[in-house]
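Engineer: Take this structure first; my questions come after.
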Amino acid sequence: MEGVYADRAAAGRALGAALARDGRTRGAMVLALPRGGVPVAAEVAAALDAALDVLVVRKLGVPGHEELAMGAVAAGGVRVLDQRVVREAGVDGEAIADVTRRGREEVDRQEAVFRGDRTPLAPQAARAIVVDDGLATGSTMRAAVRALRAMAAATIVVAVPVGSAPAVESLRDEADAVVCPCVPEPFVAVGAWYERFEPVGEDEVRALLARLSPR
C-alpha cells in the first residue's frame with residue numbers, strides 16, 4: 001500500500017502546517033511520545049517555534065501476547081487499562097501488577113536516557129500539544145493525555161499525522177482537541193501510511209531533543 005507521507009519528518013511538516021493554522025496552538029509546548037513521535041514532533045516544534053520535550057508512555061502488553069495492548073503507563077504514576085482486553089484475555093491482578101511494575105521501570109529508564117540532565121518542561125497551566133507518529137488503538141495516547149491532566153495542563157491538543165477512526169473519535173472525549181489530517185478507511189496500520197517507517201533509535205531521539213529542547 002502506498003504511503004501518504006514520505007517519512008516521519010515529512011509527516012511532521014504537514015502536521016506542523018495544520019497546527020500553525022489553529023489558534024489554540026499559539027504559545028504551546030510540544031511533547032513527543034518516544035520513540036516514533038519524536039521526529040514528527042521535532043518538525044511540529046520547528047513550525048510553531050515551540051519548545052520540545054518527551055512524554056514517556058509505555059504500552060502494557062498481555063502476558064504471552066505482548067503485541068496486544070491491555071493498557072499503558074505514563075510519567076506521574078498514570079495507568080490506563082482496557083478492561084475489555086483484560087477480561088477477554090483473562091489477565092489476573094497479579095499479572096497486571098507485574099506488567100505495570102516493569103512498564104514503570106522502563107518509563108523511568110527512558111526518561112533518564114532521552115532527557116539526560118535537562119529539566120523537564122512543566123505543563124502546569126500551559127498549552128500542551130502531544131504528538132505521535134499515528135494512532136492505532138489510542139491506548140498509549142490516552143495515557144499521555146491523562147498524565148497531562150494530572151499535571152494540570154490548561155489545554156491538551158492531540159496531534160498525529162494519521163489515525164484510525166475509532167481511536168481519533170475516542171481521543172476527542174479525552175483531549176481538548178484532536179488534529180489528525182489523515183483518517184483512512186480501512187486503516188490497516190500506522191506504518192501503512194508511510195513510504196519509509198524505519199525504527200527510531202535512541203541516539204536519534206537524544207539528538208533531536210538536544211537540538212530543540214531548552215536547557
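The values are calculated or read from the model by the stated rules, or taken from the named source; none is laboratory data. Note that the coordinates shown come from a computational prediction; the quantities given were computed from them, not determined experimentally. With ideal geometry, Cβ positions are generated from the backbone for all residues, glycine too; neighbour counts draw on all protein chains shown.
Engineer: Please enumerate the residues belonging to the stretch 149-170 that are among the hydrophobic types (A, V, I, L, M, F, W, C) and in contact with a Leu (Cβ under 7 Å, 6 or more places away or on another chain).
Structural biologist: I156, V158, A159, V160, A167, V168
Engineer: Do you know which residues across the stretch 26-49 are surrounded by 24 or more Cβ atoms within 10 Å (Cβ to Cβ) and either closer than 13 Å to V157 by Cα or among the small types (G, A, S) (or both)?
Structural biologist: Within the stretch 26-49, A28, V30, L31, A32, G37, A41, A42, V44, A45 qualify.
Engineer: Scan the stretch 105-149 for residues that are farther than 16 Å from A51 by Cα and of a type in the set (K, R) and jot them down.
Structural biologist: If the condition is that a residue be farther than 16 Å from A51 by Cα and of a type in the set (K, R), then R109, R142, R146, R149 are the ones that fit.
Residues are listed down the side, and each one gets a yes or a no for (1) assigned by TED's automatic domain parsing to the domain that holds A147; (2) farther than 19 Å from G191 by Cα; (3) in contact with a Lys or Arg (Cβ under 9 Å, 6 or more places away or on another chain); (4) without any contact (Cβ under 8 Å) to a residue 12 or more places away in the chain:
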site: D22; (1), (2), (3), (4): yes, yes, no, no
site: G27; (1), (2), (3), (4): yes, yes, yes, no
site: A32; (1), (2), (3), (4): yes, no, no, no
site: G37; (1), (2), (3), (4): yes, no, yes, no
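Engineer: Keeping to the stretch 5-20, report how many residues are touching a residue at least 40 places away in the same chain (Cβ under 8 Å), in contact with a helix residue (DSSP H, G or I) (Cβ under 6 Å, 6 or more places away or on another chain) and under 12 Å from F197 (Cα atoms).
Structural biologist: Residues meeting the conditions: 3.
Engineer: Still on this structure, I have one more. Given the options L33, L48, name the one that is under 28 Å from E204 (Cα atoms) and over 13 Å from the mean Cα position of the chain (by Cα).
Structural biologist: Checking each option against the conditions leaves just L48.
Engineer: State all residues of the stretch 10-36 that are over 28 Å from V107 (Cβ atoms) and hydrophobic (A, V, I, L, M, F, W, C); if no residue qualifies, say none.
Structural biologist: Answer for the stretch 10-36, where residues must be over 28 Å from V107 (Cβ atoms) and hydrophobic (A, V, I, L, M, F, W, C): A10, A14, A17, A18, A20.
Engineer: Of a type outside the set (K, R) and either under 21 Å from A42 (Cβ atoms) or surrounded by 22 or more Cβ atoms within 10 Å (Cβ to Cβ) (or both): does that describe E169?
Structural biologist: no
Engineer: A further question follows. If A128 satisfies every condition in (1) over 17 Å from L31 (Cβ atoms); (2) within 16 Å of the chain's Cα centre (by Cα); (3) buried (at least 18 other Cβ atoms within 10 Å of the Cβ) but one, which is the exception?
Structural biologist: Here A128 meets the rest and fails (1).
Engineer: What residue, of D98, D82, D92, is of a type outside the set (A, V, I, L, M, F, W, C) and modelled with pLDDT under 95?
Structural biologist: Exactly one of D98, D82, D92 is of a type outside the set (A, V, I, L, M, F, W, C) and modelled with pLDDT under 95, namely D82.
Engineer: With respect to E204, is the statement that it is out of contact with any strand residue (DSSP E or B) (no Cβ under 8 Å at 6 or more places or on another chain) and either hydrophobic (A, V, I, L, M, F, W, C) or at negative phi (or both) true?
Structural biologist: yes
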